[in-house]
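Worksheet: the structure to be examined is printed underneath.
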Amino acid sequence: MSMINKEISDFSVMAFHKGECRTVTKKDVLGKWSVFFFYPADFTFVCPTELEDLADKYADFQGAGCEIYSVSTDTHFVHKAWYDVSERIKKINYVMLADPTHALSRDFEVYIESDGLAERGSFIVNPEGKIVAYEVSSGSVGRNADELFRKLQACQFVAAHGDQVCPAKWQPGAETLKPSLDLVGQL
């Protein structure tokens, strides 16, 4: 079943952000674009490469009015410990959500029951709290922050210009398509 247009459930979780632990709720997410970036666990191999890639692109996401929430089933204390010892993770300025109860992982349907971990899932959530794009990958396949950012930009463009769609490899400023009944026969 598709998760497109699914509204995220109410939640309240602990987070590690800029050296401090705090609570983050659904209310904090509403009103702006968000990316929920699920990964299996702290202190692993592929995860720090992805989180560092995302940290390197974070200013672009912020410039587009989007907050990033990385999520694993670790506690906020484990996030802090990882931050304290890893040069890659020290680059992170976005919010690291803790999901030890698996509430978020289950809501976004990325929880692996047998492992107690989340799959690698990237979810773009609009300001109304609805999922507008997502991708879930095997735990051994890393993601690309540049492509995630391109997808965010495309989702934002379509939200602002509902009569247009973005073709493959679309970039801001590139030509878009206007769906037309005349084109239906050509599909």
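The values are calculated or read from the model by the stated rules, or taken from the named source; none is laboratory data. Everything numeric here is computed off the predicted structure, so don't read it as measured data. Virtual Cβ from ideal backbone geometry, glycine too; neighbours counted across all protein chains shown. With ligands, DNA and RNA removed, areas are computed over all heavy atoms of the protein, side chains included. Shrake-Rupley method; radii C 1.70, N 1.55, O 1.52, S 1.80 Å.
Structure data summary
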{"item": "Per-region count, the range 124-146, residues open to solvent by less than 70 Å² (accessible area, probe 1.4 Å) and not in a loop (DSSP other than H, G, I, E, B)", "result": "7"}
{"item": "Top-ranked residue in the range 82-117 [being touching a residue at least 12 places away in the same chain (Cβ under 8 Å), assigned to a helix (DSSP H, G or I) and among the aliphatic types (A, V, I, L, M); ranked as farthest from Tyr134 (Cα to Cα)]", "result": "Ile89"}
{"item": "Selected residue (criterion: modelled with the lowest pLDDT) from residues of the range 1-17 that are in a loop (DSSP other than H, G, I, E, B) and either surrounded by 11 or more Cβ atoms within 10 Å (Cβ to Cβ) or not hydrophobic (A, V, I, L, M, F, W, C) (or both)", "result": "Ser2"}
{"item": "Candidate set from the range 43-67 (those that are open to solvent by 10 Å² or more (accessible area, probe 1.4 Å) and not in a helix (DSSP H, G or I)); member that is modelled with the lowest pLDDT", "result": "Phe45"}
{"item": "Pairs where the first residue, in the range 1-15, is of a type in the set (Lys, Arg) and the second is not in a loop (DSSP other than H, G, I, E, B), C-beta under 6 Å, 6+ apart", "result": "Lys6/Ile131"}
{"item": "Yes/no for Phe38 being modelled with pLDDT of 95 or more and surrounded by 18 or more Cβ atoms within 10 Å (Cβ to Cβ)", "result": "yes"}
{"item": "Subset of the range 24-35 [open to solvent by 70 Å² or more (accessible area, probe 1.4 Å) and without any contact (Cβ under 8 Å) to a residue 60 or more places away in the chain]", "result": "Lys27"}
{"item": "Residues satisfying the stated conditions in the range 19-72, i.e. of a type in the set (Asp, Glu) and under 12 Å from the mean Cα position of the chain (by Cα)", "result": "Glu50, Glu67"}
